[in-house]
Structure formats: C-alpha cells, structure tokens
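Every number in this text was worked out from the coordinates using simple rules, so none of it is lab data. The model shown is predicted, which means the values in this text are computed figures rather than measured ones. Please note: Cβ atoms are built from the backbone with ideal geometry, for glycine as well, and neighbour counts cover all protein chains shown.
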Amino acid sequence: MDVAKRLVREHSLTREDALQLLADAKNPETAALLAKEAVKLRRAHYGDKVFARGLIEFTNYCKNNCYYCGIRRGNGHVARYRLTEEEVLSCCGKGYRLGLRTFVLQGGEDPYYTDEKIAGLVRKVKEAYPACALTLSIGEKPRRSYRMFREAGADRYLLRHETADPDHYRFLHPQPMSLEARKGCLYDLKDLGYQVGAGFMVGSPGQTAECLASDLVFLQELNPHMVGIGPFVPHRDTRFAQEPAGSVELTLFLLSVVRILLPKALLPATTALGTLDLQGREKGLAAGANVVMPNLTPERNRKQYDLYDHKACTGEESAEGLADLSKRVALAGCQLAWERGDCQGWPEKGP
Ligand code: SAH
C-alpha cells in the first residue's frame, strides 16, 4: 500500500517499486486507490471524453510466426484474406458516416502490401477524409518505410512491444525477431513525429512479475502517446493453446498504474478485455482507459482476423451498435467523443 501511495504522489516507479506494487496487486484496497487516482488524472486531461477509433483489420496474411498469435505464418488452418484499397476506403466511408474520426489500419506483416501500396492507401484515405486521423498498425518496418508512411499522412502508429524482458521476448517470438529491433522501431516512430502506441499482453505464457516490472520501467522511458494493454487469450492452433488466459483484474490494475505513470496517454479498453469479461470494457474505463475501438472490418472477414479464441464481435459498426456503445460508455460515467482525439500535447514537433 505504501508504494501505491508513493506512486499516486510521484507518478513514477523504480523497478523495485514496481515489483512491490505487483506483489500487492490482489489487494482490492490498493486497486481501488489506484483506480480512483487514474480516473482523476484522466478527467484532468480529457474531461469525461472517451475516444472511438474505427478498427479496420485489412489483412490477416503475416510473414511472422509469433507463437501466441492465431494468424501467425505457421498456422495452416487460417482462411487468409486481404481487403482491396476500395474495400478499405469503403470501410472508412462507413465509419465516417457513423461519426468516427480516427481509422486504424491493422494487419499482419503482409508482403503483398509493399511500402508503396501502403503509402498510396494512406494518401487516399487522408485525401478522402482530411478531418480524420489515420493510425497504422502493421508491424516492424525499416525507418525509411515509416518515414514514407508519415510523409503520406499517417498520424499514429501502434506497435506493442509485447514484453520488455529480452528472454521473455525470445520465448514468445522465434528468430529473427528481437526486443532490440522492436524497441528500435518504437524510437524511430517517435522520432518521425508519430503518436506512438506501445503495449503488452497481461498473463502471456512465461510472464513473471519481473517481466511486468520491466514493462512499467520501459513505458516510463519510452513515454508513448498510447498504450495497448490486454489479457493474453489462448488460441487453439498455437503452442500455447492449453495455457490459461490472463487475469482481467491484473489487466485493470495495470491500466490504472499506466494511467498514473503516463497521465496523458490514450489507453484503450481492449477487445481482449471485452472478450474475457462481458463488462470488461466498462471496467477498463473505470480503471482509467479512455479509448474504445469499434470494428469496421467487413462482417465476412472479421472472424478470419482470428488472433485468439472467441474474439468478441459485438456488431458496434452499425448505427444501433454505436448507440449501444455510447450508452455503455455513459454508464461508466464518461461520454463517447466524436472527434480525432489526439494525445494532449502532440505534436511535440511539427506533424
Ligand atoms: N502485426 C501487427 C499487429 C499485431 S495484432 C503488429 O505486429 O503490431 C495486434 C496485437 O494483438 C498484438 O500486438 C498482440 O499484443 C495482440 N495479440 C496477438 N495474439 C494475441 C493473443 N493470443 N491474446 C491476446 N492478444 C493477442
């Protein structure tokens, strides 16, 4: 409890503090104290606003083989798809008419989508919807590619670091992937003026309190604009099929801690949280999150973007669905905001 109080006072944690805090994570009083502070800080920077992002999962082809992920290259049971440029634009159009002002293009690392194709797509989306922010989430690329996408108009980039412990990283990812390369990408993205999102899974196989302490220390060092934190959920066609899912409570606890460490961060109440707990996203908001990501992927492809088992498909992309989401957000004491929702204080240097 003492270390939680210190976190509330100082908004920072050493590695030792983080370990002590994690040892206290199951204490409901500590969790409540941190959630209260997290909500207070969110309110100070963003009022009661919760930002909506239209998620477009535009390809499930992937050249990587991350051991936990359902769409990894080695999974032969996946029906692969990729959306055409026209289909992506039509998803954006649907989202725009519903009032969304951020689109997130997420996919596997699909070699079909060359840098030129991605840059062209970014340009088209930004031309058609200049009032909207565009986020990319397409994995590790050389700095020159990130620069090209940025020059084409991309505003934000999501690349979870997954775990800040190098051995744990190797346990979750085959060669040649490395934590060093992942971190290098995140620093490149920051340097190029993106709003950058890092993040990690909670309860991934092999994760220890030491790993989570490293995650918290790394996040303070990187100081990203966004942090995606969701529970690990096993997928039937992976080596981790029999592993238990991550804890919803610990995920909520860590959301509060990260809100306090990075008060201006945009923190999504993730789909994985909503998958493990019907009230997961509302609980996420109550723990300090301030972003929701309704899915704009065409119905027929949504099931195929199969990162983990039983992924929630809530039909929020319809007008009724969004009205329902808006009600749920209001029940959590917040308001769904129909705006770009940039990180407070961005850009640090010209966009
Ligand atoms: N190719 C992109 C997008 C990856 S999918 C990239 O590399 O960034 C988006 C996120 O889903 C991943 O970063 C990972 O944290 C999460 N994810 C993948 N498999 C998962 C699983 N089994 N359980 C929970 N989250 C998972």
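Based only on the alpha carbon positions, what is the Kirkwood hydrodynamic radius of the stretch 1-108, in angstrom?
With all distinct Cα pairs of the stretch 1-108 included, I get 18.1 Å.
Under a Cβ-Cβ limit of 4.7 Å, which cysteines in the chain have nobody to pair with?
By the Cβ distance rule, which asks for a partner under 4.7 Å, the isolated cysteines are Cys62, Cys91, Cys92, Cys132, Cys185, Cys211, Cys313, Cys334, Cys343.
In vacuum, with every alpha carbon of the stretch 272-351 counted as one equal point scatterer, what does the Debye formula give for log10 I(q)/I(0) at q = 0.23 Å⁻¹? Two decimals, please.
So the normalised log intensities work out to -1.17.
Taking +1 at the Cβ of each Lys and Arg and -1 at the Cβ of each Asp and Glu, which of Pro142, Tyr129, Asn60 sits farthest along the dipole of the stretch 52-207 towards its positive end, judged by Cα position relative to the Cα centre?
With unit charges placed on the Cβ atoms, the residue in question is Tyr129.
Given the DSSP H assignment, sum -39500 (n - 2.57) over each helix run of at least 4 residues in the chain and divide by its residue total; what's the result at 222 nm in deg cm²/dmol, nearest 500?
-13000 deg cm²/dmol
Charges at C-beta only: +1 for Lys and Arg, -1 for Asp and Glu. How large is the resulting dipole of the stretch 1-153 about its Cα centre, in Debye rounded to 20?
Value, rounded to 20: 280 debye.
Extension gain Ala131-Leu278, at 0.36 nm per residue separation less the Cα-Cα distance, in nm?
Numbers: separation 147, 0.36 × 147 = 52.92 nm, distance 3.29 nm.
Residue separation times 0.36 nm, minus the Cα-Cα distance, leaves 49.6 nm.
Could you check the simple spin-label distance between Cys313 and Glu87, using points 7 Å along Cα→Cβ, in nm with one decimal?
1.4
Packing-wise, with mean Cβ within 10 Å as the measure, how do 283-294, 321-332, 187-198 rank, highest first?
For the peptides 283-294, 321-332, 187-198, the packing ranking is 283-294, 187-198, 321-332.
Spin-label point model (7 Å from Cα, Cβ direction): what's the Asn27 to Arg15 distance in nm?
Calculated label separation equals 2.3 nm.
Report the per residue volume, in Å³, of the convex hull enclosing the C-alpha atoms of the stretch 76-142.
So the per-residue hull volume is 103 Å³.
Relative contact order for the chain using alpha-carbon pairs under 8 Å, separation at least 6, rounded to a whole percent?
Values: 669 pairs, mean separation 86.0, N = 351.
This gives 24 percent for the chain.
What is the gain in length, in nm to one decimal, between Gln335 and Tyr187 on full extension, counting 0.36 nm per residue of separation less the C-alpha to C-alpha distance?
Details: separation 148, 0.36 × 148 = 53.28 nm, distance 3.26 nm.
Gain on stretching Gln335 to Tyr187: 50.0 nm.
Full extension from Arg239 to Lys117: what is 0.36 nm times the residue separation minus their Cα-Cα distance, to one decimal in nm?
Gain in length upon complete extension: 40.6 nm.
For the chain, what is the charge dipole size about the Cα centre, in debye to the nearest 20, if Lys and Arg each add +1 at the Cβ and Asp and Glu each add -1 at the Cβ?
Details: 48 positive and 44 negative charges, 130 e Å.
Result for the chain is approximately 620 debye, rounded to the nearest 20.
Rounded to the nearest Å, what's the spacing between the alpha carbon centres of the stretch 130-202 and the stretch 78-127? Just the number, please.
Cα centroid to Cα centroid, the span is 18 Å.
Size of the chain along its principal axes in angstrom, Cα-based, largest extent first?
So the three principal-axis extents are 55, 42, 39 Å.
Any idea which of Ala272, Thr251, Val329 is furthest toward the positive side of the dipole for the stretch 202-351, if Lys and Arg beta-carbons carry +1 and Asp and Glu beta-carbons -1?
Result: Val329.
Arranged from highest to lowest average of other beta-carbon atoms within 10 Å per residue, in what order do the peptides 136-148, 43-55, 72-84 appear? Walk me through the numbers on the way to the answer.
On the way: 136-148: 18.0, 43-55: 20.0, 72-84: 14.5.
In descending order of packing, they fall as 43-55, 136-148, 72-84.
With +1 on each Lys and Arg Cβ and -1 on each Asp and Glu Cβ, how big is the dipole of the stretch 203-257 about its Cα centre, in debye rounded to the nearest 20?
160
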